[in-house]
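Peer 1: One structure coming up, written as structure tokens, with questions to follow.
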2 protein chains.
Amino acid sequence: MTKNFSKLFQHGTLATLVPGLFDGTFPVGDLLKKGDTGIGTAAGLGGEMVVLDGTAYLVKSDGQIDILPADTLVPFATVHFDNSDQVGERVVDLAENDLDEKIFSKRSLQNIFFAVKITGQFKHVKTRAVAAQTRPYPTLSQVADKQAVFEENESQGTVIGYFSPELFQGMASAGFHLHYLNDDHSLGGHLLDFKVSEGILTIQPFASVEQHFPLDNDEFMGHDFELGEMDSQIRHSES
Amino acid sequence: MTKNFSKLFQHGTLATLVPGLFDGTFPVGDLLKKGDTGIGTAAGLGGEMVVLDGTAYLVKSDGQIDILPADTLVPFATVHFDNSDQVGERVVDLAENDLDEKIFSKRSLQNIFFAVKITGQFKHVKTRAVAAQTRPYPTLSQVADKQAVFEENESQGTVIGYFSPELFQGMASAGFHLHYLNDDHSLGGHLLDFKVSEGILTIQPFASVEQHFPLDNDEFMGHDFELGEMDSQIRHSES
């Protein structure tokens, strides 16, 4: 299999989750053929997915972290092939608020998709994981209001995720969307805050993004999306 | 080369054209490796592109239609591989206003990208072609206000283009975006109105859309897009 390091692959859109369409529609096994690294969620929003080195981990709201089998169906996930030839940049005492400045002060990247990876020693991380929902599904922002929060000091781990340009708000979450997994796989989730003591920051820009749709999911195909409120719903849910 | 009939490929975004970023950034030769059928524009907005059977035609504002060489750079184009195994539907006396009803009354397709092709006898077609611009480039809607309009009765030809879901307004033109080329290649352009006397309507749904960006174009990479006014600008320019 040829790995295309300059292409991002996404199944499902964030907009599909907003009104509560949480059914799994794409097998993890197929997803891992599209990339060995990435983020996503599970059917019913049953946790926060982190894909590292070709393994899909699911951080659940009870704190448990599962490895997802190939036949698990997920509603929304974004993956790419990590280009290990890329040279990262050493960062020291980098806080979440510094990330914009650190990345955009040197390069114009705001109009394209790129991956963000930070490996190293974290002084502090704060993550969340949403709880699995059952039908009738609530909306995404209702779920976001009921989430488990995890914090850890002095951990070794990896921040992984993406920057998406403003134009693609709704397809993805515009701006940074980052997840975390510590090295012993005991804590992770959607990243709310972090501070790196010392680590390596790697940026992988993509020439293209492939958006894949669940054509065989009747609920998605027939849904009448109300996009007028989508932006504020996403900002509420993904911040 | 394996043809993937369920993938749409696009270079550049419509949003890039809105403020007047009209430089050519992708060679026609590379584009034709991504699809044999589609639509687009030329550098400087120098006409309306129609790709049929692996040939890229450019309808210019003086009415002339050129075949674009492989090394021509274009700023915005959308292509796919036409699946000739698909069975089309015979349509009689179909007007542009009937297209929505004709397509969406039978199938839920509003949330995905699909190609629209109509071949046959047209009672009437009305097209436009924008005129080539030079630097300093105007905005897309300023160009749209100065366009050549062509009309033809009783022609044989092909309507080709795409439907894009509302969520992707800005990446593409949400709704239908159709071009036309008659069979003797003497008239074509961005389709403003048409009536089919008798023809075949073929719909080709896509499981995925690949959006490709001009990473080596500094003007695009560094531009600060004002997305707040984009929707109305696109509606003004593409209607």
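Peer 1: Using a 10 Å cut-off on Cβ atoms, rank the peptides B:129-138, B:22-31 from the highest mean neighbour count down.
Peer 2: Descending mean neighbour count gives B:22-31, B:129-138.
Peer 1: Same structure again: Treating the point 7 Å from Cα along Cα-beta-carbon as the label, what are the nm separations from B:ASP216 to the other copies, to one decimal?
Peer 2: Distances to the matching label points in the other copies: 4.0 nm.
Peer 1: Using only the alpha-carbon atoms of the protein assembly as shown as identical scatterers, what base-10 log of I(q)/I(0) does the Debye formula give at q = 0.05, 0.11 Å⁻¹?
Peer 2: -0.20, -0.90
Peer 1: Can you give the longest stretch of chain A with no exposed loop site, where a site means trypsin sites (Lys or Arg not before Pro) in a DSSP loop (not H, G, I, E or B) with at most 13 other C-beta atoms within 10 Å?
Peer 2: Result, exposed sites excluded: A:4-105.
Peer 1: Quick one: with label points 7 Å out along Cα→Cβ, list the inter-copy distances for B:LYS195 in nm, shortest first?
Peer 2: 7.3
Peer 1: Also, I was wondering about something else. R0 = 45 Å: FRET efficiency of B:ASP193 with A:GLU219, Cβ-based, nearest 0.05?
Peer 2: The value I calculate is 0.80.
Peer 1: Using the alpha-carbon centroid of each, what span in Å lies between the range B:171-189 and the range B:194-208?
Peer 2: 12
Peer 1: Here is the link list: B:LYS34/B:LYS117; A:LYS3/A:LYS126; B:LYS7/B:LYS33. Which ones come out longer than 21 Å on Cα distance?
Peer 2: A:LYS3/A:LYS126
Peer 1: Grab the beta carbon distance between B:ASP100 and A:VAL92, set R0 = 51 Å, and tell me the FRET efficiency rounded to 0.05.
Peer 2: Rounded to the nearest 0.05, the efficiency is 0.30.
Peer 1: Principal axes first, then extents: for the Cα atoms of the range A:40-170, list largest minus smallest coordinate on each axis, whole Å, largest first.
Peer 2: If we take the Cα atoms of the range A:40-170, the spans are 47, 36, 30 Å.
Peer 1: Something else now. Would you mind checking which residues have amide H under 5 Å from A:PHE122's amide H? H placed 1.01 Å from N; only 5 or more apart, or other chain.
Peer 2: A:SER155, A:GLN156, A:GLY157, A:SER197
Peer 1: Continuing with this model, one more query. Please report the residue of chain B with the smallest beta-carbon distance to the B-to-A rotation axis, and give that distance in Å, no decimals.
Peer 2: Nearest to the symmetry axis by Cβ: B:GLU210, 2.
Peer 1: With every protein chain kept in place and ligands, DNA and RNA left out, what is the accessible area per residue of the range B:7-238? Probe 1.4 Å, answer in Å².
Peer 2: 39
Peer 1: In nm, what does the list of distances from A:HIS124 to its counterparts in the other copies look like, shortest first, when each label sits 7 Å along Cα to Cβ?
Peer 2: Sorted ascending, the copy-to-copy spacings read 7.0 nm.
Peer 1: Turning to a different aspect of this structure: Just from the alpha-carbon atoms, what are the Rg and Dmax of chain B in angstroms?
Peer 2: Answer for chain B, Rg first and Dmax second: 16.6, 49 Å.
Peer 1: Continuing with the same structure: What does the charge count near A:SER237 come to, summing +1 for each Lys or Arg and -1 for each Asp or Glu among other residues with Cβ under 14 Å from its Cβ?
Peer 2: Around A:SER237, the surrounding residues sum to -2.
Peer 1: Also, I was wondering about something else. Label the range A:99-167 by shape, choosing from rounded, prolate and oblate, from the square roots a ≥ b ≥ c of the eigenvalues of the Cα gyration tensor; if a/c is under 1.5 it is rounded, and otherwise prolate applies when a/b is larger than b/c, oblate when it is not.
Peer 2: oblate
Peer 1: Another one. Please state the relative contact order of the range B:1-140 as a whole percent: Cα pairs under 8 Å, 6+ residues apart?
Peer 2: 32
Peer 1: While we're looking at this one, here's another question. Quick one: among B:GLU89, B:GLU219, B:GLU101, which has the greatest mean-square fluctuation in a GNM of chain B with alpha-carbon springs under 10 angstrom?
Peer 2: B:GLU101
Peer 1: Between chains B and A, what is the buried accessible area summed over both chains (1.4 Å probe, protein heavy atoms, nearest 100 Å²)?
Peer 2: 2400
Peer 1: Sticking with this structure for a sec: For A:HIS236 paired with B:SER232, estimate the spin-label separation in nm (one decimal), with each label point 7 Å from Cα along the Cα-to-Cβ line.
Peer 2: Between A:HIS236 and B:SER232, the label points sit 2.6 nm apart.
Peer 1: Could you check which residue among B:MET171, B:MET221, B:MET49 shows the biggest mean-square fluctuation in a GNM of chain B with a 10 Å Cα cutoff?
Peer 2: So, out of B:MET171, B:MET221, B:MET49, the one fluctuating most is B:MET221.
Peer 1: Using alpha-carbon pairs under 8 Å, 6+ residues apart, how would you state the relative contact order of the range A:78-182 in percent?
Peer 2: RCO, the range A:78-182: 28 percent.
Peer 1: Now for a different question. Relative contact order of chain A, please, whole-number percent, based on alpha carbon pairs below 8 angstrom and at least 6 residues apart.
Peer 2: It comes to 29 percent, rounded to a whole number.
Peer 1: Something else: Can you run phi through the Karplus equation (6.51, -1.76, 1.60; θ = phi - 60°) for the range A:174-185 and list ³J(HN,Hα) in whole Hz, with x for Gly and Pro?
Peer 2: 4, x, 7, 9, 10, 10, 9, 9, 7, 5, 8, 6
Peer 1: Can you pull the percent of the range B:174-232's accessible area that's carbon plus sulfur, 1.4 Å probe, other chains left in place?
Peer 2: Carbon and sulfur together cover 44 percent of it.
Peer 1: Straight distance only, please: which lysines reach the Cα of B:LYS123 with their own Cα at less than 24 Å, same-chain residues fewer than 8 apart left out?
Peer 2: Within the straight-line cut-off, B:LYS123 pairs with B:LYS60, B:LYS102, B:LYS195.
Peer 1: Just grab the label-to-label distance for A:ASN83 and B:THR55, each label 7 Å out from Cα along the Cβ direction, in nm (one decimal).
Peer 2: The two pseudo-label positions are separated by 3.8 nm.
The values are calculated or read from the model by the stated rules, or taken from the named source; none is laboratory data. Quick caveat, the model's predicted, so the values are computed rather than measured. Neighbour counts are summed over all protein chains in view; Cβ atoms, including those assigned to glycine, are modelled from backbone coordinates with ideal geometry. Heavy atoms of the whole protein, side chains included, go into the accessibility calculation; ligands, DNA and RNA do not. Shrake-Rupley method; radii C 1.70, N 1.55, O 1.52, S 1.80 Å.
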